[in-house]
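The values are calculated or read from the model by the stated rules, or taken from the named source; none is laboratory data. Being a predicted model, the structure only gives us computed values, none of them experimental. Quick reminder, even Gly has a Cβ in these numbers, built from the backbone with ideal geometry, and neighbours come from all protein chains shown.
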Amino acid sequence: PPSRARLGDSAGVFSRTFASFMAATKTAVVTTLVQMTATVRNTLVNLRQYAGGEGIADLKNICTGLPAIVVSAGPSLHKNISLLREPGITDRCVIIAVQTVLKPLLKMGIKPHFVTALDYHRISRRFYEGLTAEDVQGVQLVCEPKANPGILDSFPGAIRCVSDRLCDTVLKGVIERDMGSIESGATVAHLAFYLAQHLGCDPIILLGQDLGFTDGLYYAPGNPIHDVWAPELNEFRTLEMMEWERILRHRNRLRKTEDQQGRTIYTDEQMHTYQQQFERDFAQAEQFIIDATQGGTRKKNTVPMPLAEALQRYAVKQLPPIPRATVTLDEERVRLAREHLQSIRNDVQTIVRISKDTLRLLRHMQDSFTDRPRLNRLLSKVEANRVRLHKLETAFWLVNYLNQAGAFNRLREDRAIAMKEGLSAVEEQKLRIKRDIKNVQWIQEAAEELISLLQLADKRLAGDSLDDDRYTRLPDSSTTSDGKTRVKHAKSLKVPAVLTVTRTMTQHLSRKINIHSGECSLLELTINRLRKCSNISGIVILAERGSSVRDLLSDINISEGKPEITFRETDGPLPGGHAPAVAAARAFARTCWRSAPGGLTIYDDILAAGPLLEILDESRASAALVAGADWALLDPKLCDSLITRYREDPQRYALTFTQAPPGLCGVVLSRPVLEQLTEETSTANLGAMLGYLPVKPQADPIVKDHCLPTDPEVRQALVSAVCDSPAVTEAVAPLLANGDFSALQVVKHLEEKQLYTPSPLPEHIFVELCTEYLTDGPASPVRRPADGTSVTREPMNPETFTKLLEEISNPERVALTFAGTGDPLLHPRCVDFIRQAKQAGLAAVHLRTDLLVDQPVLDGLLSSGIDIISVNLCADRAATYQQAMGADRFRDVLLNIEYLLKRQRNAGGMDMPWIIPRLTRCDQTYEDIETFYDRWLMTTRAAVIDPMPRWSPYFPDQRLQPVDPPRRVKLARDRREMYLHCDGGIAITREDIQGANIAGRLGEKPLSDLWQLVQQARFPAEGSR
């Protein structure tokens, strides 16, 4: 239109601003409607704390004119957070931390004065796990009552609630006091900012307030979520990958913007909305706002300033004493609140009765348009009901507060009626009665839901614990995406337990264990554990036809007791034709419940979808609890809880699982899930369903309710409870002999045996074949030590390698990786060594290479039986490859990868060998990460983002820093990994590429002795934690 020319660039600015405003409004409205039930539930359950505890009124302006530092959890936080450890800083600055950073701060010896919380989701409990009252002495939690009750229950210190309209309405006339009012926060960071204003602080210094995914990270290093992710880390799974996936799981809401240095950075619609709110707050604030965040987006109405400078300028005066809230509650106020709440619940029940009566009257009105007197009589009765409702002031306000979705729908109905033209008075009245029927139905449903919420609140006020997860789980939707009512609480649904006997299990299932009643096979022990479950409808042993397992069953009394035990044979291999690909991937992730290459889970080890569907048909069951026949440490309570969760809502929880270590709990798979898994495709596995797929990004299933919560110590254990070797079975024999043990007892016992006791041999051996290489750049494997000197060693000789294989007494438990200073494929006998390793019966063989070799070498690789080939590609563009790898060979590598992919062998829908491109996250490769990761996940089903090793000579010049895993991950790796240099030297550490500190040389001492020397060097004070 002509106005475009007149308006010029301002038209585009207006369009973008308007679109941004609408997106922000949509986010706010959707959040309000979706979270309303959770808001009311949380607030009512937290009424005990609100009524009996303290507010923030006494904190008003107690720190006027003194600086506050609002510490948020942005990825850049690690760059300057250490400055808060300087002596006297916490005496001169009010430290207000969001809950996400509380534990990292405490770990660094920094005690914030306040921590803020308002999140709906119970996963926030994890930010307080393991904390004691002593840990948080002097730290006060300030929360909005809408926060998940699990937060208030988990925090072991003093708690203050900010004023809340819903709580004050409920308590009106009974407990009326000034709790201290501040603005309602959209995030914990907003709440922290408003608290700083309430305290009178000036200036307010923002720290870690990125509002974007700085450096491709979602969380700051050291975030508690890294402890949750720790059990998934392995040679093919890094924190860099999990951080990147955490960002991309919400791809449809991402937007690109510029960071403070003008570089491209991702943010999302939600954070963009939060930033707009912050910028409005900053514009209206009387305080001086300093942005000391070293990363993230640019924020209007703030003054960028390094934290060190801000502290030097403003942290100069001593803080006054800050009032401390008491930890104990006023039980008399709690009692009064409970009595009043019971009265309100009675009124809400009256609302339900009035709603039902009004619905009856309205339906009669629909049939009375030809009888005006009757219509008027009915109308007067409806009006009388309306008056009765409004007299129930508090109860009716609560119902309407909960029923905001209904109010929104009524507005839509009103608008639809108003938009209709040419309606007669009668036609319009009919539409309005139809609208009123829907409206009253919504009121009735809201009132019925409110009654259940008030009952929860009453129990909590009476002192009920929060063990019942109805207090903390987000409420479920009652309908499916297509509007159909969900089938809920289907307690009668049959769910048998199916124990899969794979080909590799057959040998050890007959192993006898001495228990109190005599000898017992491993299979019988697993069956006995399942017999303790009360929710299973039967036990099915699934084995290959002709398996010796049938003979084992003859020694087990399967006819006595419940549940019924049946035996089923299948003609094909178990778990299926994909077994070799799964076994190879899982060999490098034995202690991981998920996150082997391809995202494969422990359940993929035992998954035989076709036979499982047949079992469901034969038993007329709707789902199965699937476990391995050698999972003799299964926890019956966890298994029962899984089935209970499935039966609550079979459609919503069609796939139900836990994050427990392998072997502690099965997985519940419903018919629809199994039908999807019968397809012979690369994504027909649980790894794909529970992992990240670029074409179908989803929130991580571990934050959803079909992931059953477990004890934190169980969830975060770095052990395997699968009894798949004599060593494991021997280690757990005392538990098995006892017969009565919990998942937590199993984990503690296994950690003692697997993490704090020297193992006879390593589980993962890295073998360097040579020190020659064709690439040397920031992203290549480390070729030189930090001082930049070259490393030269004699290539691996056949005798040394043969000696290694001969001394591995348990090859089926050992995975081998060819890697090191040089490229293994440049050794003339590399392919021969791979064949030799495969013939030795090792669990899996992995090669890490630049793949800059000729076709005959590739053909040799394909025929060698190699399981996994990692390719140091490190780029998605030729220019990036040259900068990152120091060579112009990008096209050569791509052609070689293509050659291998075309010649892979198919194994039940999975191709072998695994081809896994890798990229080292560094300054040179950062811009290529997104396209690289998506491309290769879709092409090869697996890709790796590696951290740059801190011992790389290129590391000091890097802006991007690696994300260090929790310390216990290194502990676990040190217990399981050995590094053999090509000259036969056994290195103590992976970073010792010079071989300056070796335990000895292979051939001079037995491998087992050398491994014990390695263990002694790594753990000089054995037994310490």
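Without any contact (Cβ under 8 Å) to a residue 12 or more places away in the chain and either buried (at least 18 other Cβ atoms within 10 Å of the Cβ) or under 26 Å from Thr39 (Cβ atoms) (or both): is that true of Asp168 in this structure? Yes; evaluated as a whole, the condition is true for this residue.
Take segment 727-755 and flag every residue that is modelled with pLDDT under 90, of a type in the set (S, T, N, Q) and more than 18 Å from Thr591 (Cβ to Cβ). Scanning segment 727-755 gives a single hit, Asn738. If only one of Glu807, Glu812 is touching a Leu at 6+ places or on another chain (Cβ under 6 Å), among the charged types (D, E, K, R) and touching a residue at least 60 places away in the same chain (Cβ under 8 Å), which one is it? Exactly one of Glu807, Glu812 is touching a Leu at 6+ places or on another chain (Cβ under 6 Å), among the charged types (D, E, K, R) and touching a residue at least 60 places away in the same chain (Cβ under 8 Å), namely Glu807.
Hey, does segment 289-310 have a residue that's in contact (Cβ under 8 Å) with a residue 12 or more places away in the chain, under 30 Å from Ile433 (Cα atoms) and of a type in the set (Val, Ile, Thr)? Within segment 289-310, not a single residue is in contact (Cβ under 8 Å) with a residue 12 or more places away in the chain, under 30 Å from Ile433 (Cα atoms) and of a type in the set (Val, Ile, Thr).
Being on the phi > 0 side of the Ramachandran plot and surrounded by 20 or more Cβ atoms within 10 Å (Cβ to Cβ) is a property that does not hold for Gly1003.
Here is a list: Asp859, Asp876. Which entry is assigned by TED's automatic domain parsing to the domain that holds Ile998, among the acidic types (Asp, Glu), under 41 Å from the mean Cα position of the chain (by Cα) and assigned to a loop (DSSP other than H, G, I, E, B)? On inspection, the qualifying residue turns out to be Asp876. Report whether or not Ile151 is part of a loop (DSSP other than H, G, I, E, B) and either touching an Asp or Glu at 6+ places or on another chain (Cβ under 6 Å) or surrounded by 20 or more Cβ atoms within 10 Å (Cβ to Cβ) (or both). For Ile151, the condition - part of a loop (DSSP other than H, G, I, E, B) and either touching an Asp or Glu at 6+ places or on another chain (Cβ under 6 Å) or surrounded by 20 or more Cβ atoms within 10 Å (Cβ to Cβ) (or both) - is not met. Residues that are under 23 Å from the mean Cα position of the chain (by Cα) and of a type in the set (Gly, Ala, Ser) were ranked within segment 932-964; the one that is farthest from Met885 (Cα to Cα) is Ala942.
So that you can scan it fast, the table gives a plain yes or no per residue for (1) modelled with pLDDT of 95 or more; (2) surrounded by 17 or more Cβ atoms within 10 Å (Cβ to Cβ); (3) in a helix (DSSP H, G or I):
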{"residue": "Ala28", "(1), (2), (3)": "no, no, yes"}
{"residue": "Leu33", "(1), (2), (3)": "no, no, yes"}
{"residue": "Thr39", "(1), (2), (3)": "no, yes, yes"}
{"residue": "Asn42", "(1), (2), (3)": "no, yes, yes"}
{"residue": "Arg48", "(1), (2), (3)": "yes, yes, yes"}
{"residue": "Ile62", "(1), (2), (3)": "yes, yes, no"}
{"residue": "Ala73", "(1), (2), (3)": "no, yes, no"}
{"residue": "His78", "(1), (2), (3)": "no, yes, yes"}
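Looking across segment 904-922, just one residue is more than 26 Å from the chain's Cα centre (by Cα), at pLDDT 95 or above and either of a type in the set (Lys, Arg) or more than 11 Å from Val871 (Cβ to Cβ) (or both), and that is Pro913.
When Ile536, Ile541, Ile565, Ile527 are screened for being farther than 30 Å from His764 by Cβ, under 31 Å from the mean Cα position of the chain (by Cα) and at pLDDT 70 or above, only Ile536 passes.
Residues considered: Gln209, Gln276. Of these, the only one that is closer than 24 Å to Phe127 by Cα and in contact with a Phe, Trp or Tyr (Cβ under 9 Å, 6 or more places away or on another chain) is Gln209. Looking only at residues in segment 698-714 that are outside any loop (DSSP other than H, G, I, E, B) and touching a strand residue (DSSP E or B) at 6+ places or on another chain (Cβ under 8 Å), the one that is surrounded by the fewest Cβ atoms within 10 Å (Cβ to Cβ) is Pro701. Of Ile986, Ile945, all but one fail to be in contact with a Ser or Thr (Cβ under 7 Å, 6 or more places away or on another chain), surrounded by 21 or more Cβ atoms within 10 Å (Cβ to Cβ) and either touching a residue at least 12 places away in the same chain (Cβ under 8 Å) or part of a strand (DSSP E or B) (or both); the exception is Ile945. As for segment 789-805, it holds at least one residue that is polar (S, T, N, Q), touching a helix residue (DSSP H, G or I) at 6+ places or on another chain (Cβ under 8 Å) and part of a helix (DSSP H, G or I). Can you spot a residue in segment 522-533 that is part of a strand (DSSP E or B) and in contact with a Lys or Arg (Cβ under 7 Å, 6 or more places away or on another chain)? Within segment 522-533, not a single residue is part of a strand (DSSP E or B) and in contact with a Lys or Arg (Cβ under 7 Å, 6 or more places away or on another chain).
Within the option set Gln260, Gln287, Gln277, being over 17 Å from Ser76 (Cα atoms), modelled with pLDDT under 95 and surrounded by 15 or more Cβ atoms within 10 Å (Cβ to Cβ) holds for one residue only, Gln277.
Checking Cys592, Cys639 one by one, the residue that is crowded, with 22+ Cβ neighbours inside 10 Å, among the hydrophobic types (A, V, I, L, M, F, W, C) and assigned to a helix (DSSP H, G or I) is Cys639 and no other. Could you tell me whether any residue of segment 995-1007 is closer than 30 Å to Ile897 by Cα and either outside the structural domain of Gly687 (by TED's automatic domain parsing) or in contact with a Lys or Arg (Cβ under 7 Å, 6 or more places away or on another chain) (or both)? Looking for residues that are closer than 30 Å to Ile897 by Cα and either outside the structural domain of Gly687 (by TED's automatic domain parsing) or in contact with a Lys or Arg (Cβ under 7 Å, 6 or more places away or on another chain) (or both), one finds none in segment 995-1007, hence no.
Each row is one residue, and each column tells you yes or no for (1) in the same structural domain as Asp371 (by TED's automatic domain parsing); (2) within 22 Å of Val352 (Cβ to Cβ); (3) at pLDDT below 85; (4) in a helix (DSSP H, G or I).
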residue	(1), (2), (3), (4)
Ala405	yes, yes, yes, yes
Arg412	yes, no, yes, yes
Asp436	yes, yes, no, yes
Trp442	yes, yes, no, yes
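The one condition from (1) of a type outside the set (A, V, I, L, M); (2) in a loop (DSSP other than H, G, I, E, B); (3) outside the structural domain of Ala878 (by TED's automatic domain parsing); (4) over 26 Å from Ala844 (Cα atoms) that Ser720 does not meet is (4). Cβ-Cβ contacts under 6 Å between residues 6 or more apart (or on different chains), taken from a first residue in segment 533-560 that is surrounded by fewer than 19 Cβ atoms within 10 Å (Cβ to Cβ) to a second residue that is modelled with pLDDT under 80 and assigned to a loop (DSSP other than H, G, I, E, B), are absent. State whether the residues of segment 804-816 include one that is polar (S, T, N, Q), in the same structural domain as Glu772 (by TED's automatic domain parsing), modelled with pLDDT of 95 or more and closer than 24 Å to Phe588 by Cα. No, segment 804-816 contains no residue that is polar (S, T, N, Q), in the same structural domain as Glu772 (by TED's automatic domain parsing), modelled with pLDDT of 95 or more and closer than 24 Å to Phe588 by Cα.
Residue count for segment 312-334, restricted to those that are under 30 Å from Leu171 (Cβ atoms) and touching a residue at least 60 places away in the same chain (Cβ under 8 Å): 11. Could you go through segment 642-658 and let me know if any residue there is closer than 22 Å to Leu509 by Cβ, at pLDDT 95 or above and not β-branched (Val, Ile, Thr). Checked segment 642-658: no residue is closer than 22 Å to Leu509 by Cβ, at pLDDT 95 or above and not β-branched (Val, Ile, Thr). Among the residues of segment 102-119, those identified as of a type outside the set (A, V, I, L, M, F, W, C) and either out of contact with any Cys (no Cβ under 8 Å at 6 or more places or on another chain) or not assigned by TED's automatic domain parsing to the domain that holds Thr132 (or both) are Lys103, Pro104, Lys107, Gly109, Lys111, Pro112, His113, Asp119.
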